[in-house]
């Protein structure tokens, strides 16, 4: 049995959980949109019918950080474009109107 997860459900589930500080409001919107697009591609290519919403899995697999935090956490040289560097290594989800991004931890 499945329940359709809307953008509001997605955000509210995070914002009322123990993981409420993992992502900003804008970050949750970007993350929801990412999973919606991923699900559409998966269905189009018949990879799966839908993506299961796993709050704990998402909170453990994705992190929202500033560019400076990413540079420090991953020891990225100041002369290197952080987003480009990370896009070659993992999934990067940019957050509209923000200096923060979400990455799939690696």
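Derivation of every value follows stated rules applied to the coordinates shown; laboratory data play no part. Computed from a prediction, not measured in an experiment: that's the story for all the values here. Here the Cβ is made from the backbone with ideal geometry for all residues, glycine too, and neighbour counts use every protein chain on show.
Quick one: among 42, 22, 79, which has the greatest mean-square fluctuation in a GNM of the chain with alpha-carbon springs under 10 angstrom?
Result for the chain, Cα springs under 10 Å: 79 fluctuates most.
Order these peptides, 28-35, 83-90, 59-66, by their mean beta-carbon neighbour count within 10 angstrom, highest first.
Ranking the peptides 28-35, 83-90, 59-66 by packing returns 28-35, 59-66, 83-90.
What is the Rg over Rh value, at two decimals, for the range 7-104, using alpha-carbon atoms and the Kirkwood definition of Rh?
Ratio of gyration radius to Kirkwood radius: 0.99.
Calculate, in nm to one decimal, what residue 74 and residue 42 gain on full extension: separation in residues at 0.36 nm each, minus their alpha carbon distance.
Gain in length upon complete extension: 8.5 nm.
Any idea what angle helix 25-44 forms with the longest principal axis of the chain, computed on alpha-carbon atoms, 0 to 90 degrees, nearest 10?
That helix lies at roughly 60 degrees to the long axis.
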